[in-house]
Amino acid sequence: MTIAFLSITSGILLIWASAEKLERYSVIAAKQFGFSPFLIGSTVIAFGTSAPEMLTTFFAALQNRGPMIIGNVVGSNVANLSLVFGSMLLVVSLKKQVIKQDPTIYRNLIILLLSSLLVWLIIATDPFNVTSSVILLISLIGVISYWYKTNSNESSIEEIIEEKNISFKLFLSLIVLVSAAWLITNGANLILQNFNLGELFIGFTVLAIGTSLPEIAASISLALKGRYETVAGTLIGSNIFNGLCVLAIPGLFSNNEMGVSWNYSDWSNLLLILFCITSIFSFYILSLSKKGRKASLLLSLLFLSTYFVSLIYAY
C-alpha cells in the first residue's frame, strides 16, 4: 500500500505540474504554425485538458482494465461538472459576484447534451468495440469541423509571449505527463490487488479525481481572478473530448478480455447522474447567457454534493 500511495501521489503531483505546461506550450507551438485562435482552443487546449484522461485510459487498456476505463471517463466528466464547476461557483458566490455567459454558448451546450446521449448509448451497447470507437471519433471530427466553420473568425486566445526551445519544452511536458499517467494507473492496479474494490470504483475515484485535479485548481484560480466566464467553455470542451475521444481508445485495442468483467447494469445509475448533472449545468449556463445574475451558493453545493452521492453508486 505504501508503494501504491507513493505511486498515485507522485503521479498526481506530476500531472499538476505538467498539464498546465503542456497546454501552454501546445498553444504557443500552434500559434507559431499559424493555426487560428479558435482552432487552437477547440483542439489543442481540449487535448491538453483531456491528456491525463487519455493517457491513463491508454495504460489501463494495455492491462485490459475495461471497467476502470469507463470509470475514468464517466468519473472525470462527473467530477468536471460537480467538483470543478461547483468549486468555481462556490468561490464566485462567496465573493457575491455577478456571473454571465456569451449568448452564442447555447450551440455548444446542445453539442454537449447530444454527445452525452451518444456516450450513454455507446456504453449501454458495447464500449469495447471497434465500431463504437469509429462512431465516437467520426462524431468528434464532426464537432471540431462544426466549431471551425462557425467560429473560425472568433478570437478567444490571448497573445502569448514567444519562448525559445518550445518544441523541446512541449516534448518534455508530454513525457512527464505520460510518466504521471503510468504512475497513477500503476497505483490503481496495486489497490485493486490489495483491496476488494472493483475496477469501476477505482476508475471513478482514483483515476477520475487524479486526472481532474489540475482542472479543479485552474477553475478556482480563474474564479479568484474574476475570469469565471472562461471556465464553462473549458469544461464543455473537456467533457465532449473525454466522451468522444477518450472513450474511443479501448475499442481500438479489439481485445475481448477487456470487457470480461463488464456489466452495464452497474453503470445505469451513474450514467443517469452524469446526464442529469450535465442537463442542470447546461440549463444554468443557458440562463446566464440570457441574463447575468449573482452566483448561487445553493446551486454550488448541489453540484459539489452530486459527486459524493455518485460515489455511493460507484461503490
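The values are calculated or read from the model by the stated rules, or taken from the named source; none is laboratory data. All values derive from a computational prediction rather than experimental measurement. Neighbour counts run over all protein chains shown; Cβ positions are idealised from the backbone, glycine included.
Observations on the structure shown:
- Cβ-Cβ distances below 6 Å connect the following pairs, each with a first residue in region 2-25 that is under 12 Å from Phe171 (Cα atoms) and in a helix (DSSP H, G or I), a second residue that is basic (Lys, Arg) and at pLDDT 75 or above, and a separation of six or more residues or different chains: Tyr25/Lys169.
- Those residues of region 267-315 which are basic (Lys, Arg) and either in a helix (DSSP H, G or I) or buried (at least 20 other Cβ atoms within 10 Å of the Cβ) (or both), in sequence order: Lys290
- Of all the criteria given as (1) modelled with pLDDT of 85 or more; (2) crowded, with 20+ Cβ neighbours inside 10 Å; (3) touching a strand residue (DSSP E or B) at 6+ places or on another chain (Cβ under 9 Å), the one not satisfied by Tyr228 is (1).
- Cβ-Cβ under 7 Å pairs, at least 6 apart or on other chains, region 124-138 side modelled with pLDDT under 90, far side among the aliphatic types (A, V, I, L, M) and part of a helix (DSSP H, G or I): Pro127/Ile70; Pro127/Leu247; Phe128/Met258
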